[in-house]
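Chemist: Here you go, one structure.
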Amino acid sequence: MGSILKMAIKILYVTSTFAEARVLEKLNGFTFHNNLFRSGNIELNLLVTGVGSMATAWAIKKWLSENANPDLAINAGIAGSYRDNIPIGSVVMPVSDCFADSGIEDKDNFITLSEAGLTGADDFPYQNGILHSHNEYVERMNSHLKAVDAITVNAATGSAVTIEKLIRKFNPAVETMEGATFFYICMVESIPFLAVRAISNRVEPRNRNNWNITLALDNLAVKLNEIILTLGGE
């Protein structure tokens, strides 16, 4: 593995907003021109998709239609935490994800598409209705990042009722609005991938006064430097 990682590596860096993309300006030793960051054997292509699954899907597929597949795709940005042991400012690595609000409401119950028989729970790329990241880069990062289970939603969770339902159904560690889309596309396109998320807020009844996006993005920049250094084999 070490000899592979020291070869030239082309990375597609996917994030949803320009505020999240600006953490790349804090990478050590990189030159930047026209959405391309270079340093040593690393070539990092920046793709800002917009927020949400639809924008993410369209932007990634358009990029892939115009470029050769990267050696690695990284999805990075902020996320909300469901866990006390993943406080604001933490940087984690989602290793499983799902579309947590894609399904059927049956009174007070939520039924996923696979549970309703509308899709197969193990139809590729799913395993029991869940998307999992399994590749050499995830293994490489296990000693650098806390691995967590994530969910993806179309509406950021901000009520006690919804929080209780999602915990009961999925018991997630973190929540994003794009992660499962990134997982899905990378898996069907056979692109190795990493997801990296910095915690900006607790998932709680919505209270923006408790958020700290600046801290999350600062810590994300620090961790990205560590990740890039490791991937570069230095």
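Chemist: Let's test the formula: R0 of 25 Å, r as the Cβ-Cβ distance of residue 35 and residue 116. What FRET efficiency results, to the nearest 0.05?
Modeler: With a Förster radius of 25 Å, E is 0.05.
Chemist: Go through 139-146, 45-52 and give me the packing order, highest mean Cβ count within 10 Å leading.
Modeler: Ranked by mean Cβ neighbours within 10 Å, highest first: 45-52, 139-146.
Chemist: Calculate for the chain the 222 nm mean residue ellipticity that helices alone would give, adding -39,500 (n - 2.57) per DSSP H run of length 4 or more and normalising by residue count, nearest 500 deg cm²/dmol.
Modeler: -8500 deg cm²/dmol
Chemist: Multiply the residue gap between residue 127 and residue 144 by 0.36 nm, knock off their C-alpha separation, and tell me the result in nm, one decimal place.
Modeler: So the extension gain works out to 3.6 nm.
Chemist: Continuing with this model, one more query. Please report the spacing between the Cα centers of region 1-72 and region 155-222 in Å, no decimals.
Modeler: 20
Chemist: Could you grab the relative contact order for region 148-234? Cα pairs under 8 Å, six or more apart, rounded to a whole percent.
Modeler: Over region 148-234, the number comes to 29 percent.
Chemist: A follow-up question, please. Please give the peptides 220-228, 58-66 ranked by average Cβ packing (other Cβ atoms within 10 Å per residue), highest first, as a rough proxy for protection.
Modeler: Ranked by mean Cβ neighbours within 10 Å, highest first: 220-228, 58-66.
Chemist: Now for a different question. Toward the positive end of the charge dipole of region 64-119, about the Cα centre and with charges on Cβ (Lys, Arg +1; Asp, Glu -1), which of 82, 114, 100 goes farthest?
Modeler: 82
Quick note: the coordinates plus some simple rules give every number you see, no bench work behind them. The structure presented is a predicted model; accordingly, all values stated were derived computationally and were not measured. As a convention, Cβ positions derive from the backbone with ideal geometry for all residues, glycine included, and neighbour counts pool all protein chains shown.
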